[in-house]
């Protein structure tokens, strides 16, 4: 079985759960922060909607500079409504899924390097890196269930819990 074939069933399952969380983000609570040092809901939701792009970046590029010399740094577009969040996530997930599905085992074995301002931050094989990116992007709602449940309790929204929905 190819690496991509092993990853995709879980990718699909977790993507569905993530989408259901984003669909329930109440716009009226977008600016709510459970604590002054916390992210507000819209920032957290945008981060969640953008995480699948890292699967695309790692599979389609061997080197990525988050702040290339002489060019603007990497920046993600921010959604401003629940519908925009969901549409962005659906597009990002579809693009990431296609990149994973098209990748050969040899692609996963290639070295991927992250740079900042032309300076190397780290390098590692894409299969190891993708395991981390996959965990970040697809298990984010479960992994941050504490943060989401804190949002729900403090804001009174009661809508974002992903498990069992």
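We did not get these values from a lab; they are worked out from the coordinates using the rules stated. These numbers come from a predicted model, not from an experiment. Because the Cβ atoms are built from the backbone with ideal geometry, glycine has one as well, and the counts that use them run over all protein chains shown.
In this label model, residue 63 and residue 47 are separated by 3.0 nm, measuring between points 7 Å along each Cα→Cβ vector. Full extension of the chain between residue 77 and residue 109 yields a length gain of 8.5 nm, computed as 0.36 nm times the residue separation minus the alpha carbon distance. Net length available on complete extension from residue 87 to residue 5 is 27.0 nm, with 0.36 nm assigned per residue and the Cα-Cα distance removed.
Centre-to-centre separation between the Cα atoms of the range 1-19 and those of the range 79-97: 17 Å.
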